[in-house]
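Below is one structure, written out as structure tokens; the observations come after it.
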Amino acid sequence: MIVVTAAMVLADEEVELRFVRAPGPGGQNVNKVATAVELRFDAARSPGLSEAVRTRLRTLAGRRLTADGVLVIQAHRFRTQERNREDAVERLVALLRAAAEAPRPRRATRPTRASQERRISSKKQRAVTKRGRQRPEDGG
């Protein structure tokens, strides 16, 4: 069981972990040991996610979410499988927590009178500056 929030818990079967060879330097073991982790989570079919969370997750995940709705997280920051597995699960939980948090609705406000006056005076000053750049009209 992976606890994301008090209301959201994922079963271990929903998360698929694959171990692959990590890119980059690694010494003698780099071509022998598969330490990088590829975590796959089927967000589109997960019963633990509400539709609102799925929608926000689609936005937050970006390219990490496939067309089928599968979230793919690759972890190869550490040199051991265990640390990379923990890192991948932590990143999944952080992403799901961010998606579970509903954004605060924007409350419309009106500009203050002082800010409106500042805006108008700067527009007038800009008009004067531009008028000064124009070619003088022929007087006669």
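The values are calculated or read from the model by the stated rules, or taken from the named source; none is laboratory data. All values derive from a computational prediction rather than experimental measurement. Note that each Cβ is placed from the backbone with ideal geometry, even for glycine, and that neighbours are counted across all protein chains shown.
Can you find a residue that is within 17 Å of Val72 (Cα to Cα), more than 21 Å from the chain's Cα centre (by Cα) and surrounded by 12 or more Cβ atoms within 10 Å (Cβ to Cβ) anywhere in segment 32-48?
Yes - at least one qualifying residue is present in segment 32-48.
Going by what's in this entry, would Arg85 be described as surrounded by 14 or more Cβ atoms within 10 Å (Cβ to Cβ) and out of contact with any Phe, Trp or Tyr (no Cβ under 9 Å at 6 or more places or on another chain)?
Considered against the rule, which asks whether it is surrounded by 14 or more Cβ atoms within 10 Å (Cβ to Cβ) and out of contact with any Phe, Trp or Tyr (no Cβ under 9 Å at 6 or more places or on another chain), Arg85 comes out as no.
In segment 90-114, what residues are surrounded by fewer than 10 Cβ atoms within 10 Å (Cβ to Cβ) and part of a helix (DSSP H, G or I)?
Those that are surrounded by fewer than 10 Cβ atoms within 10 Å (Cβ to Cβ) and part of a helix (DSSP H, G or I): Arg113, Ala114.
Would it be correct to say that Ala88 is out of contact with any strand residue (DSSP E or B) (no Cβ under 9 Å at 6 or more places or on another chain) and closer than 23 Å to Arg45 by Cβ?
no
So is Arg58 of a type outside the set (Val, Ile, Thr), outside any loop (DSSP other than H, G, I, E, B) and at pLDDT 90 or above or not?
No, not satisfied.
Just for segment 27-55: of the residues that are among the polar types (S, T, N, Q) and assigned to a helix (DSSP H, G or I), which one is farthest from Ala102 (Cα to Cα)?
So the residue we want is Gln28.
Hey, Thr80 hits all of (1) among the hydroxyl-bearing types (Ser, Thr, Tyr); (2) under 21 Å from Met1 (Cβ atoms); (3) in contact (Cβ under 8 Å) with a residue 12 or more places away in the chain; (4) exposed (fewer than 15 other Cβ atoms within 10 Å of the Cβ) but one; which does it fall short on?
(2)
Just to check your reading of the model, which residue among Thr129, Thr109, Thr59, Thr80 is within 25 Å of Asp12 (Cβ to Cβ) and of a type in the set (Ser, Thr, Tyr)?
That would be Thr80, the only listed residue that is within 25 Å of Asp12 (Cβ to Cβ) and of a type in the set (Ser, Thr, Tyr).
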